[in-house]
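Q: Can you read through this structure? Questions will come right after.
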Amino acid sequence: MTYLLYSIEIVVTLLLGAACGALLVRRRILHEQALKDLSAIVMNVTLPCLLFANIVPAVSVAALARWWLLPAAALLNIGAGLLVGWLGTRLARTPAELTRGAMAQVACGNGAYIPLAIIAVLLQARPALFGDKNAAALGVTYASLYLIAYSPLQWGVVFPFLSHKPLRALRLRQVLTAPIVAGLAAVVIGLLPWAKALLLGDNAPLAAVYHAAQLISLATVPCALLIIGGNLAHGPRPVLLTWPTIVTAGLGRFVVMPLVALAGIAAFRALGVLPAGDKVLYFVLLLQGFVPPAMNLMVMYEVLGHCKKDMAALMFWLYLAAIPMMALWLTFGIKVVQ
């Protein structure tokens, strides 16, 4: 019951943040163009700073030997998600125009904004649950490393899948986004002792650069919540979307995919490659399995220009379903890592 109350507190906190974004849009304080600009700021400034500020101090050769599990989990989640989504659309007899879009919403969870918000609320407030006073920083690092692999997979696999175009038609800038570049740069700098010494330490000559990145990164979570609420402010406006598709997508996203994440964790443990006692890593791997769909998908639908209303409606209902489902899975996640 204590863990359930913690989980409800987290979900309500996220809801209040997203509700602010929805209210600002409904009252026309935050207009559509402003919402796009805010998204661009997060994607190109605050999120790269967050990745950079958290990865640089944590990276090492020994750490990389453990961290390969996060890209592996990203590949597992997207591959299994597309299969689960395909089975769901067959069962629901989803209209052909919506099939790939619905599959993508099952396969692609919100790997950045929601996990980072949960980590900021839970691991920062209650690090004792995870046995590490630096649980929040470690959680952000793990989520960041997951994102380094996850984002290119979204744009390099899911986007061509939605557009019915081959990989060669994909532009490099759609894969090498600012967060990915920042994350990779952080890994390289973190592995070079002399470069790391330029940024970290009392006498580091470029300490101001690192501190500026830390300061700017603090805006990521609140801005992300405003973006999520703003994008969902107007509710569903479907054209072809049916309830069977909504139900099967919800079951796939919030029931089957968390079980896939658990199976992956069990497989990693059986192979002896999952570090024993790393509660934060266990939690982040499970967390990526039950988050709602990625907001990046709406960007993809916007670029492709078809079935936007139906996909926005499906995302609305899945985010609504995420409220109770995330509370339940968070309770389970906290319990299982104890």
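Laboratory data are not the source of any read-out in this text; all were calculated from the coordinates shown. These figures come from a predicted structure and were not determined experimentally. Quick reminder, even Gly has a Cβ in these numbers, built from the backbone with ideal geometry, and neighbours come from all protein chains shown.
Q: Amide H to amide H under 5 Å from G109: which residues, 5+ apart in sequence or cross-chain, H placed 1.01 Å off N in plane?
A: Distant-sequence amide H within range of G109: A294.
Q: Now a separate question. Excluding residues on the same chain fewer than 8 positions from K36, give the aspartates and glutamates whose Cα lies under 15 Å from its Cα.
A: In chain and number order, the partners are E302.
Q: At 18 angstrom or more along the helix axis (alpha-carbon based) and mean Kyte-Doolittle of 0.0 or higher, what helices does the chain contain? Whole DSSP H runs only.
A: Going by DSSP H runs, the hits are 2-26, 69-92, 135-153, 178-191, 257-271, 308-336.
Q: Tell me, which longest segment in the chain has none of the trypsin sites (Lys or Arg not before Pro) that fall in DSSP loops with at most 14 further Cβ atoms within 10 Å?
A: Here the longest segment lacking exposed loop sites spans 172-338.
Q: Using only C-alpha positions, report the orientation-averaged shadow area of the convex hull of the stretch 1-155, nm², one decimal.
A: Computing the convex hull of the Cα atoms and averaging its projections yields 12.2 nm².
Q: More than 17 Å apart: what percent of Cα pairs in the stretch 209-338 qualify?
A: 67
Q: Dipole size in debye (nearest 20) for the stretch 32-150 around its Cα centre, Lys and Arg Cβ +1, Asp and Glu Cβ -1? Could you put the intermediate results ahead of the total?
A: On the way: 7 positive and 4 negative charges, 59 e Å.
Dipole of the stretch 32-150, to the nearest 20 debye: 280 debye.
Q: Let me check against my output: what whole-number percent is the relative contact order of the stretch 176-291, with C-alpha pairs under 8 Å and at least 6 apart? The partial results should precede the final answer.
A: Numbers: 42 pairs, mean separation 19.2, N = 116.
Worked out over the stretch 176-291, it gives 17 percent.
Q: Still on this model: Of the options A294, L281, I265, report the single residue whose Cα projects farthest towards the positive end of the charge dipole of the chain (beta-carbon charges: Lys, Arg +1; Asp, Glu -1).
A: A294
Q: Can you give me the relative contact order of the chain as a percent, contacts being Cα pairs under 8 Å and 6 or more apart?
A: It comes to 33 percent, rounded to a whole number.
Q: Please state the Cα pair-distance histogram of the stretch 1-56 with 5 angstrom bins from zero: what percent is in each bin?
A: 4, 16, 13, 15, 18, 16, 11, 5, 1
Q: With N residues in the stretch 270-333, what two-decimal value do you get for its Cα radius of gyration over 2.2 N^0.38 Å?
A: Expressed relative to 2.2 N^0.38 Å, the Cα Rg reads 1.51.
Q: Rank L51, L35, L304 by mean-square fluctuation in a GNM of the chain with C-alpha springs under 10 angstrom and give only the top-ranked residue.
A: Of the options given, L304 has the highest mean-square fluctuation.
Q: Also, quick follow-up: Can you tell me what percent of all Cα-Cα pairs in the stretch 2-336 are more than 32 Å apart?
A: 26
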